[in-house]
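Visitor: One structure coming up, written as structure tokens, with questions to follow.
Readers should treat all values here as calculations from the given coordinates under stated rules, not as data from a laboratory. None of these values were measured; they are calculated from a predicted model. A quick note on method: Cβ atoms are made from the backbone with ideal geometry, for glycine too, and the neighbour counts reach across all protein chains shown.
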Amino acid sequence: MYKNILVTGGAGFIGRETVEKLVRRGYNVVAFDLAEQFARHTDFFTELRDCGNLRLASGSILDRTALRSAIQGAEIVVHLAAMLGVRKTEDNRLGCLDININGTDNVLNACVMDGVRKIIFASSSEVYGEPSRNPIREIDETKGKTVYAVSKLAGEELVKGYHQLYRSLDYTIVRLFNTYGEGQVAQFVLARFVKNVLEGKNPVVYGNGTQTRSYGHVDDVTEGFLMIMGNSVSNGKTYNLGNSSQVMTLKGLAQKVIDVLAPGKGLQVEVLGTFDGSDRIPEREIHTRYCDTSLAAADLGYAPTITVEEGIRRIAEQGHVHADWPTV
């Protein structure tokens, strides 16, 4: 049973949920992230420190010295730190490749140097690109269209390669499907829709609005992480984590936000029909991609329960949705 855990990207959207669950369940946790990320969430971490054994370690995964300091004594690493966001990564391709590939290599090197027993690597459904069939299973081919997808697939191969060379380092790869929830910035679609509706604005959909995805709440997804930690059957496996029952079009998702938060207020979904002004272009848009999570269900008992309606309410109840990530 693992007790000492390092979470890279521990002050990020998924990282905070992961760290909080681990701390409240009695684990010894080190959260590693950029100083500006911790600064944005000072109140959260101040309260959480009073609940259990938590240490904050500021730094970049490109800094091997900072990583080696943070990882000391860790038995397992949950590696979430990455550059993400379509516009951010496409506008800074070299930065994306550097952070997501070289940074992951640095994390793996630190794991080996410090005798870490297992790493959970957060990959993405983006690695599948436009799938040949849906729902997607882990055995389906990967054909990502974006630099982010390429960087995540390279990260997966690095994880496998390190295990091949250093057999004492076990691993599990998780491919996340449209994870959403409280604390997510409005660079992501559901948070953006909620932000608009809370401000009395119509939610705007780029493209024709029929793009179809499955939406998994961060609470459910991070429960999957804990299941992986507690079950050795996950070693050497790749799992889809999301919610295969919550599948809808972008237009349907935007309408759902209006129906939940502003019924009768006269708001309407604006379907623009083009990608002008968005962070996507037609050549990189995925039309239909949603997950099959039956492998995680069979191996781990993974069973997400949070509906999109409940998730929308939870986001709204936090009272504020940040427009973007903190600037360096």
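Visitor: Dipole of the chain, Cα-centred, from +1 at each Lys and Arg C-beta and -1 at each Asp and Glu C-beta, to the nearest 20 debye?
Guide: Details: 36 positive and 39 negative charges, 52 e Å.
The dipole of the chain has a size of about 240 debye.
Visitor: Say R0 is 35 Å: what FRET efficiency, to the nearest 0.05, do Glu309 and Arg68 get from their beta-carbon distance? List each step's numbers first, then the result.
Guide: Numbers: r = 45 Å, r/R0 = 1.28.
E(calc), rounded to 0.05, equals 0.20.
Visitor: Work out the charge dipole of the range 52-187 with +1 on the Cβ of Lys and Arg and -1 on the Cβ of Asp and Glu about the Cα centre, then indicate which of Ile76, Ile99, Ala149 is farthest towards its positive end.
Guide: Selected residue: Ile76.
Visitor: Here's another thing I want to ask about it. Could you go through the range 229-242 in sequence order and give the Karplus-derived ³J(HN,Hα) for each residue, using 6.51 cos²θ - 1.76 cosθ + 1.60 with θ = phi - 60°, rounded to whole Hz, and x for Gly and Pro?
Guide: 4, x, 9, 5, 4, 6, 4, x, 9, 10, 10, 6, 10, x
Visitor: Hey, got the dipole for the range 162-252? About the Cα centre, +1 on K and R Cβ, -1 on D and E Cβ, debye to the nearest 20? If you can, show how the numbers build up before the last one.
Guide: Working: 8 positive and 6 negative charges, 72 e Å.
The calculated dipole for the range 162-252 is roughly 340 debye.
Visitor: Subtract the Cα-Cα distance of His287 and Leu94 from 0.36 nm times their separation in residues, and report this length gain in nm to one decimal. Walk me through the numbers on the way to the answer.
Guide: Working: separation 193, 0.36 × 193 = 69.48 nm, distance 2.67 nm.
Fully extending the segment from His287 to Leu94 adds 66.8 nm.
Visitor: Sequence-distant or interchain residues sharing an amide H contact under 5 Å with Gly59, placed H: which?
Guide: Asp33, Leu34, Ala35
Visitor: Let me ask you something else. Give me the percent relative contact order of the chain, please, defined on Cα pairs under 8 angstrom at least 6 residues apart. Spell out each step's value before the answer.
Guide: On the way: 659 pairs, mean separation 58.6, N = 328.
After rounding, I find 18 percent.
Visitor: Let me ask something additional. Residue by residue through the range 204-219, which ³J(HN,Hα) values in whole Hz follow from phi under the Karplus form 6.51 cos²θ - 1.76 cosθ + 1.60 (θ = phi - 60°), with glycine and proline marked x?
Guide: 10, 10, 8, x, 8, x, 8, 4, 10, 9, 10, 10, x, 6, 4, 5
Visitor: Suppose every K and R has +1 on its Cβ and every D and E has -1 on its Cβ; what is the size of the dipole of the range 134-288 about the Cα centre, in Debye to the nearest 20? Please report the intermediate quantities before stating the final value.
Guide: Details: 17 positive and 17 negative charges, 28 e Å.
The dipole magnitude comes to about 140 debye.
Visitor: A follow-up question, please. In what order do His79, His322 fall by count of nearby beta-carbon atoms within 10 Å, going from fewest to most?
Guide: Numbers: His79 24, His322 15.
With the sparsest Cβ surroundings first, the list reads His322, His79.
Visitor: Please find, in a Gaussian network model of the chain (springs between Cα atoms separated by less than 10 Å), the residue of Leu34, Leu261, Leu241 whose mean-square fluctuation is greatest.
Guide: Leu261
Visitor: Using a 7 Å offset from the Cα along the Cα-to-Cβ direction at both Ala298 and Asp43, what is the distance between the two label points in nm, to one decimal?
Guide: A separation of 4.6 nm, rounded to one decimal place.
Visitor: Hey, can you grab everything whose amide H is under 5 Å from the amide H of Gln211? Only 5+ residues off in sequence or another chain; H modelled, so Pro and N-termini drop out.
Guide: Here the answer is Leu250, Lys251, since their amide H atoms fall under 5 Å of that of Gln211.
Visitor: Here is a further query. At 4 °C and a viscosity of 1.567 mPa s, what translational diffusion coefficient does Stokes-Einstein give for the range 219-328, taking Rh as the Kirkwood radius over Cα pairs? Give it in µm²/s as a whole number. Write out the running numbers ahead of the final one.
Guide: On the way: Rh = 17.1 Å.
Rounded, D is 76 µm²/s.
Visitor: In deg cm²/dmol and to the nearest 500, what is the mean residue ellipticity at 222 nm of the chain if only DSSP H runs of at least 4 residues count, each as -39500 (n - 2.57), divided by the residue total? Working shown, then result.
Guide: Values: 13 runs with 126 residues, N = 328.
After summing the helix terms and dividing by the residues of the chain, the value is -11000 deg cm²/dmol.
Visitor: May I pose another question? Quick one: order Asp220, Asp299 by neighbouring beta-carbon count within 10 Å, fewest to most.
Guide: So the residues, fewest neighbours to most, are Asp299, Asp220.
Visitor: Given the options Leu169, Ser123, Ser60, identify the residue whose Cα lies farthest towards the positive end of the charge dipole of the range 57-169 (+1 on Cβ of Lys, Arg; -1 on Cβ of Asp, Glu).
Guide: Leu169
Visitor: If the elastic network links every pair of Cα atoms under 10 Å, which of Val107, Val204, Val77 fluctuates the most in the Gaussian network model of the chain?
Guide: The residue that fluctuates most here is Val204.
Visitor: So what is the diffusion coefficient of the range 129-260 in µm² per second by Stokes-Einstein at 25 °C and 0.890 mPa s, using a Kirkwood Rh over Cα pairs? List each step's numbers first, then the result.
Guide: Numbers: Rh = 16.8 Å.
So the translational diffusion coefficient is about 146 µm²/s.
Visitor: Another one. Kindly put Ser232, Ser244, Ser125 in sequence by how many other C-beta atoms sit within 10 Å of each C-beta, fewest to most. Please list the in-between numbers first.
Guide: Details: Ser232 11, Ser244 20, Ser125 26.
Ascending Cβ contact count within 10 Å gives the list Ser232, Ser244, Ser125.
Visitor: Considering amide H positions built from the backbone, and no H for Pro or chain starts, which residues 5 or more places from Tyr239, or on another chain, come under 5 Å of its amide H?
Guide: Ile173, Val174, Arg175
Visitor: Then there is this: With θ set to phi - 60° and the Karplus curve 6.51 cos²θ - 1.76 cosθ + 1.60, what are the ³J(HN,Hα) couplings of the range 301-317 in order, to the nearest whole Hz, using x for Gly and Pro?
Guide: x, 5, 8, x, 10, 8, 7, 4, 4, 5, x, 4, 4, 5, 4, 5, 5
Visitor: For Lys256, give me every one of the lysines with a C-alpha distance below 17 angstrom, ignoring sequence neighbours fewer than eight places off in its own chain.
Guide: Lys256 reaches Lys195, Lys201, Lys265.
Visitor: So what is Rg over Rh here for the range 1-158, counting just Cα atoms and using Kirkwood for Rh?
Guide: Details: Rg = 16.0 Å, Rh = 16.2 Å.
Value, to two decimals: 0.99.
Visitor: Another question about this same structure. Only bridges whose two residues both fall in the chain count here: according to DSSP, what percent of them are antiparallel, nearest 5?
Guide: Numbers: 3 of 40 bridges.
Taking every DSSP beta bridge with both residues in the chain, the antiparallel ones total about 10 percent.
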